[in-house]
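Colleague: My questions all concern the structure below.
Just so it is clear, none of the values below were taken in a lab; they were calculated from the coordinates. The structure presented is a predicted model; accordingly, all values stated were derived computationally and were not measured. Virtual Cβ from ideal backbone geometry, glycine too; neighbours counted across all protein chains shown.
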Amino acid sequence: MANYYSREQLDALKGRVDLAAYVQHSGIAELKRVGARYRGHCPLHDDGTPSFYVDSTHSGYYCFGCQAKGDVFALTQEHFGLSFNEAVERVRAFACGHPIESMPPKPVEPDLPQPLTLADTLALEQAAAYYQRQLSNSEIVQDYLASRKIMPSAIEDFDLGYGIGFLAKALPKNAKRLTQLGLVTQKGQDAFFGRITVPIRDASGTVRQFYGRSVKEQYKHRYLSRPHQTLFNPQALDEKTVILCESIIDALTCYGLGFENTVSIYGAHGMKTQYTEQMAQAGVKKVILAYDADKAGDTGASQAAEMLDECGVRTSRLQLPRGLDVNRLAVESSHARQALEGLVREAQR
């Protein structure tokens, strides 16, 4: 019969466990202290670079690679393939100083996408070109972009497009491949219907991902179901100082306002070791963190700064008004370029 644990009992038990010590003592992962936290290879996926962080103070973990997060019970369940009650008992044994029975981890499925073939990349290019033509024919979407202060230079340079719902019919010879890539659903529908599309290219200019920005509230923003392999706009890494945004829409805003040295990740907590290494190896010396001025942005900016510092890259924070992001600042300002220039100037001091 399963035991019942009250929230108070579970919280009290977690409070008795140093999560970093538990992770290492239980053989879950080897960790190295990094600032106030600990880092190691994620035990929950095939982690090529250390992206697993443990915060003993708050008894939580987060992986920047697979986005897994939780507390000591969740980690024990996931790693060993245990039920919740079994996980609690294992943690309790550790907290009480009892020997913990050695057990193998649950097998980890490799998180390695099939590499894109030449035919795949050609199909992605054709899709990008098709979407781009539909945007040029849609005054409504162009007006929407203008209202969001996304300038024509950014629209043109990044091949922005628009999904009107007929991708498979427009590219019938590639319909099967587009379905495999995730641009077309199993029912033959355009996965990016009703969305502004942004092909995400690597440093060589090859399309590796797609971002779909919803114009209407009923559609969610989306990416292809493939891991991100590069920062957005890696060409900006030719500069010694770059601006780093949380989102593509913020990066497009900066770019259109004259700050072409802008890159972005994919969310407040989207920083990965591969991105910090990408910047450091390119010779970037300083990163201005243009994260949203909210709680998630504060946390994400702190994490990014810590990871960049480990690679020898200096950072500073763009001091946006509380509650705003870069795009909202531009939209609400009558002199968007001057407003952003002033904030960047302050961040560079």
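Colleague: What does the charge dipole of segment 7-95 about its Cα centre add up to, to the nearest 20 debye, if the Cβ of each Lys and Arg holds +1 and the Cβ of each Asp and Glu holds -1?
Modeller: Approximately 260 debye in magnitude.
Colleague: Moving on to the next point. Going down the list K220/K272; K173/K216; K216/K240; K32/K69, which pairs span over 27 Å between their C-alpha atoms?
Modeller: Values: K220/K272 24 Å; K173/K216 30 Å; K216/K240 38 Å; K32/K69 18 Å.
Check vs 27 Å cut-off fails for K173/K216; K216/K240.
Colleague: For segment 116-228, what's the relative contact order in percent, using C-alpha pairs closer than 8 Å and at least 6 residues apart?
Modeller: Answer for segment 116-228 is 24 percent.
Colleague: Once the other residues with Cβ under 14 Å from the Cβ of A330 are scored (Lys, Arg +1; Asp, Glu -1), what is the net sum? Before the final figure, lay out each step's value.
Modeller: Details: positive: R148, K149, R328, R337; negative: D250, D292, D325, E332, E341.
My count for the surroundings of A330 gives -1.
Colleague: Something else: Summing -39500 (n - 2.57) over the DSSP H runs of n ≥ 4 in the chain and dividing by its residue number, what mean residue ellipticity at 222 nm do you reach, to the nearest 500 deg cm²/dmol? Walk me through the numbers on the way to the answer.
Modeller: Values: 14 runs with 137 residues, N = 349.
Mean residue ellipticity, 222 nm, calculated: -11500 deg cm²/dmol.
Colleague: Sticking with this one: Just to be sure I understand: of the beta bridges DSSP finds with both ends in segment 139-298, what percent are antiparallel, rounded to 5?
Modeller: Here the share of antiparallel DSSP bridges comes out near 60 percent.
Colleague: Still on this model: So which trypsin sites (Lys or Arg not before Pro) in segment 205-270 pass both tests, a DSSP loop state and at most 16 other Cβ atoms within 10 Å of the Cβ?
Modeller: Hits after loop and neighbour filter: K216, K220, K240.
Colleague: Hey, another quick one. Grab the other residues whose beta carbon is less than 11 angstrom from that of L244, score K and R as +1, D and E as -1, and report the net. If you can, show how the numbers build up before the last one.
Modeller: Numbers: positive: K286, R317; negative: E246, D250.
After counting each charged neighbour, the total is 0.
Colleague: Looking at segment 231-349, what % of its DSSP beta bridges pair antiparallel, to the nearest 5?
Modeller: 10 percent
Colleague: Quick one: L289, L231, L167, fewest Cβ neighbours within 10 Å first, how do they rank? Display every interim value, and only then the final one.
Modeller: Values: L289 21, L231 28, L167 25.
The fewest-first ordering by Cβ neighbours comes to L289, L167, L231.
Colleague: While we're looking at this one, here's another question. At a Cα cut-off below 14 Å, give the aspartates and glutamates reachable from K149, other chains included and same-chain residues fewer than 8 away excluded.
Modeller: The qualifying aspartates and glutamates are D250, D325, E332.
Colleague: Just the Kirkwood number for segment 7-95, please: inverse of mean 1/r across all distinct Cα pairs, in Å, one decimal.
Modeller: Roughly 12.9 Å, rounded to one decimal.
Colleague: Now for a separate question. Which one of L75, Y22, V141 is farthest out on the positive end of the charge dipole of the chain, using unit charges on Cβ (Lys, Arg +1; Asp, Glu -1) and the Cα centre as origin?
Modeller: In the chain, that residue is V141.
Colleague: Would you list M271, M279 from fewest to most Cβ contacts within 10 Å? If you can, show how the numbers build up before the last one.
Modeller: On the way: M271 25, M279 22.
Fewest-to-most ranking of M271, M279: M279, M271.
Colleague: Say the dipole of the chain comes from +1 at the beta carbon of Lys and Arg and -1 at that of Asp and Glu; which of P43, L289, C245 then lies farthest toward its positive end?
Modeller: C245
Colleague: Return one quarter of the surface area of the convex hull spanned by the alpha-carbon atoms of the chain, equal to its mean projected area, in nm².
Modeller: Projected area, direction-averaged: 20.4 nm².
Colleague: In the chain, if the dipole is taken from +1 on Lys/Arg beta carbons and -1 on Asp/Glu beta carbons about the Cα centre, which of M279, I265, S6 is farthest to the positive end?
Modeller: I265
Colleague: Name the residues whose placed amide hydrogens come within less than 5 Å of the amide hydrogen of H41, ignoring near sequence neighbours (fewer than 5 apart) on the same chain.
Modeller: Under 5 Å from the amide H of H41 lie the amide H atoms of E30, each far enough along the sequence or on another chain.
Colleague: When only Cα pairs under 8 Å and 6 or more residues apart are kept, what is the percent relative contact order across the chain?
Modeller: 10 percent
Colleague: Counting only Cα, what are the radius of gyration and maximum Cα-Cα distance Dmax of segment 116-228, in Å?
Modeller: When restricted to Cα atoms, segment 116-228 yields Rg and Dmax of 13.2, 38 Å.
Colleague: Here's a follow-up. Can you compute the charge dipole magnitude of the chain about its Cα centre, using +1 on each Lys and Arg Cβ and -1 on each Asp and Glu Cβ, nothing else charged? Give it in debye, rounded to the nearest 20.
Modeller: Here the size comes out at about 420 debye.
Colleague: Over segment 162-317, what is the mean sequence separation of C-alpha contacts under 8 Å (at least six apart), divided by residue count, expressed as relative contact order in percent? Walk me through the numbers before you get to the answer.
Modeller: Details: 277 pairs, mean separation 24.2, N = 156.
Taking the mean separation of contacting Cα pairs over the length of segment 162-317, I get 16 percent.
Colleague: Right, here's the next one. If the reach is capped at under 18 angstrom between alpha carbons, list the aspartates and glutamates near K176, excluding any in the same chain fewer than eight residues apart.
Modeller: K176 reaches D120, E125, D190.
Colleague: Sticking with this one: For a quick check: sort C311, C42 by the number of other beta carbons within 10 angstrom, fewest at the front.
Modeller: C311, C42
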